Amino acid sequence: MTLVGRQIGRYRILEQLGSGGMSVVYKGLDTALDREVAVKVLHPHLASKDESRKRLAREARAVARLHHPNILEVFDFSASDAQNAYIVTEYIRGHTLREYLDEGGLEPPELAAMLIHELAAALAHAHESGVIHRDLKPENVMVREDGVLKLMDFGIAKLLETDERMTVTGTLVGSPAHMAPEIIEGLEAGPEADVFSLGIMLYAFVTGRLPFTAPNTTATLKRILDGAYEDPRRRVGSLSDELAEIIATCLARDRHHRYPHAGRLRDALADYLAGLGFPRVGEELASFFADPPSYKKAARQRLVAALLERGERFLAEKRTPRALASLNQVLALDAQNARALAMLEGFNRARRRQLWIKRGLQAGTALVLATALGTGGYFLFRAPASPPVAPLTPSDPQPPAEAPPLELPARAPLPLPVTPPAPEPADSPGVAPKKAPARPAEAPAPAEAKPEPHRPAKVHVSILVRPYGAIQVDDMPPSPQPLAQHDLQLTPGPHTITVRCDWCEDAVETIHVAADGDKVFRLRALLKASRLSFDYQPPEAQVRVGEERRTARDSLEHPFDIQSPRGPASFQHRVEYEVSHPGYRTEKRAVMVEPGKPVTLRGSLVAE
């Protein structure tokens, strides 16, 4: 029976949006706040069961603790004795991610990396709060009209820090094709299970197909347990080795070999995308969803330019495998790219020249050896003609024993003999003796030259700055522009790095460069503080931000100083606040603030 047109609590049901195995989702109107909401109502046959109501309440409480721009926010849920069991969430105008994927694929693969980065950021917040999702799939992700992703349906989320853990015994909770092996085996599911599901989505977004596909559910589950899937690079030539490695880490059969939680996956994708010139993922996705065809074309051009620059740098640094990988990725994106083809042809010419030189040296060496052996054999086996020797008499000594054959040990050639000057002729009668020329004073022996101190060779170093910024190394000039990745040539040893930007304070850190150690250093910018004020009714309402309290009226004159966390993956970060006043319902929410930017929140508390 439909509830359209009816009133549930203070919510008027306007239309049905969808239906699932547990509930029906309606669009509703919050008559108290005059705003559109989504109302998820449990099916009547489930609402009559106490376990189902507990599960619904558990979902509401779990998600209500989460405040993140990429997680659907929970506003309210029904009391335990209410006729209908329901949850009220924010209403999203948009479509599911599945609908977008059905309209067209994601190419280049970096687009898929951006989508998973945003979902990993949302799940990182959930994991930090002790909540896992366990049913990640494109159908559970909404794309808002402005291009913001919203992760929803934590209906089977499992709290990690509660004693009242509810499980569904004997049934599969979730979508089989997206399940982690440990869930299939009935083991404890932790954050690594969500990482596995994100890996499946990333694989599917890149290749257009799921990694574990089979004709039926049983066969699909077996393939997941076997950990057998096709290398995505066989299907998508433009997939980089780095992104393929991220996918492989997510899909590791052993959960201990995966990223331990979604935060690590978010950081890995952020570093990868920033290195290609995509540091602001949220803004990129907003542009993509606004005009997918145009964005794909522009993104492909930006990728080609970044990869060409990377390929040239790697060739100059003699890092041939990485250079070739970059150029191959360019040609997969643009098969007729003249610059990439010229670089490859130049590389192949150099290889052929080196091969010819090598073969020539080998042939020359062989000829020299053959000549030496031939000449040596001639003199060894054909003795030179000797002058006539008088016959021996009994008084002559016995001839020496025949000398053994000469051996020609391999050694360095001897220096050429220096011919000494001819001796002066002896004095002759009647000739004045020649005066020996005065011997010039012996020049003092030159002082032994001091060997120059050994200067260690410089090594290539990558400095990743999150989100991004300009850097200064020691006393060198600062970098001309703020970047997410700075590639430098530094000598081994300690170096002082100063990170600067318009929206951050100077941050100074010391890195230690080793000749044979890690060459990638991750630094975080020290973001400026934000100022947060509240224009609320009633003005005397108490506002709590962290441990600080003041009235809403006072906050307008003396805003809260919000210190930004150091170097997040994006400029925004979440700040929780609470507004309360006697006789009104306490409001607990969160707001996203940016470094150095003042924010004023406006609202009214609801009377109880």
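Listing for the model above:
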quantity	calculated
Under Karplus coefficients 6.51, -1.76 and 1.60, residue-wise ³J(HN,Hα) of the stretch 85-95 in Hz, glycine/proline x	9, 8, 10, 10, 10, 5, 9, 10, 8, x, 9
Karplus-derived HN-Hα couplings along the stretch 139-153 (A = 6.51, B = -1.76, C = 1.60, θ = phi - 60°), whole Hz, x at Gly and Pro	5, 9, 10, 9, 10, 5, 4, 8, x, 7, 7, 10, 7, 9, 6
Largest-first principal axis extents, alpha carbons of the stretch 459-525, Å	35, 21, 18
Amide H contacts under 5 Å for ARG531, placed H, 5+ residues apart	ILE562, LYS597, VAL599
Protection proxy ranking, peptides 336-345, 115-124, average beta carbon neighbours within 10 Å, highest first	115-124, 336-345
PHE278 long-range amide H proximity, modeled H, under 5 Å	none
For the stretch 177-186, 3J(HN,Hα) per residue [Karplus equation, 6.51 cos²θ - 1.76 cosθ + 1.60, θ = phi - 60°, Hz, x = Gly/Pro]	5, 10, 7, 7, x, 5, 5, 4, 7, x
Cα-based Rg of the stretch 306-350 normalised by 2.2 N^0.38 Å, two decimals	0.99
Local electrostatic count at LEU556 - Lys and Arg +1, Asp and Glu -1, tallied over other residues with Cβ under 14 Å	0
FRET efficiency estimate (nearest 0.05) - Cβ-Cβ, GLU99 to ALA338, R0 45 angstrom	0.70
Relative contact order %, the stretch 530-604, counting alpha carbon pairs below 8 Å whose residues are six or more apart	42
Amide H contacts under 5 Å for VAL513, placed H, 5+ residues apart	GLY493, HIS495
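Every number here is computed from the coordinates shown, using simple stated rules; none is lab data. The structure presented is a predicted model; accordingly, all values stated were derived computationally and were not measured. Glycine also receives a Cβ, built like all others from the backbone with ideal geometry; neighbour counts cover every protein chain displayed.
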